[in-house]
Structures are given as C-alpha cells and as structure tokens.
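Okay, structure first, notes after.
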Amino acid sequence: MAIQSISADLILLREQFIKNRLIFVEGARIIPTLKVLGATDNDLEKMKTVSDTLRDDPTPPFRKSKNGLLYVLYNVQIWTI
C-alpha cells in the first residue's frame, strides 16, 4: 500500500470519526497502515490478546463482552507527491 493511499485513508477515517464520533476499522483495512507505521507481525499477534485481562462488561446480559480503548500513538506526517 502506497504512503499516499494510507494518508488518504487515514484522512477519511478521521473525517468519519469527527462526523460520527465513532468508527470501526476492519483488520484488513488497518493492518497495512499499521505496518507502514512500523508495526511488526509480532506486534500484530500481541494485539490479538490485548483485551484478555479486561473485566467483563456487565451491561449486555445476553453475552460475554470485553470492552476497552486501544490507542495507537504515532506522529502523523501528511506526505505529498
């Protein structure tokens, strides 16, 4: 994935977040971006278990759920051609 398309995708995600105050990004969409930003396959494997130690969410009585916030912190530079 080219840096320009990743930058464009991040801008679109930001706009959606500003509009809706909530977004869901599928793994297939965000993984290439995380890799360009420096994530390794090992890092991505670790993310699969990041919520294992969270407490259960008591609000949905019909299913077991774990909720938490995951922040990906990085310096964003908008690249130009």
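Observations on the model:
- Electrostatic tally near ALA39: other residues with Cβ closer than 11 Å to its Cβ, Lys and Arg +1, Asp and Glu -1, net -1.
- Computed from the Cβ-Cβ distance with R0 of 30 Å, the FRET efficiency linking GLU45 to LYS19 stands at 0.40.
- Cα-based shape type of the range 13-54, given that a ≥ b ≥ c are square roots of the gyration tensor eigenvalues and the cut on a/c is 1.5: oblate
Here, each number is a calculation from the coordinates, and none is a lab measurement. Everything quoted here is computed from the prediction, not taken from an experiment. Cβ: placed from backbone, ideal geometry, glycine included. Neighbour counts: every protein chain shown.
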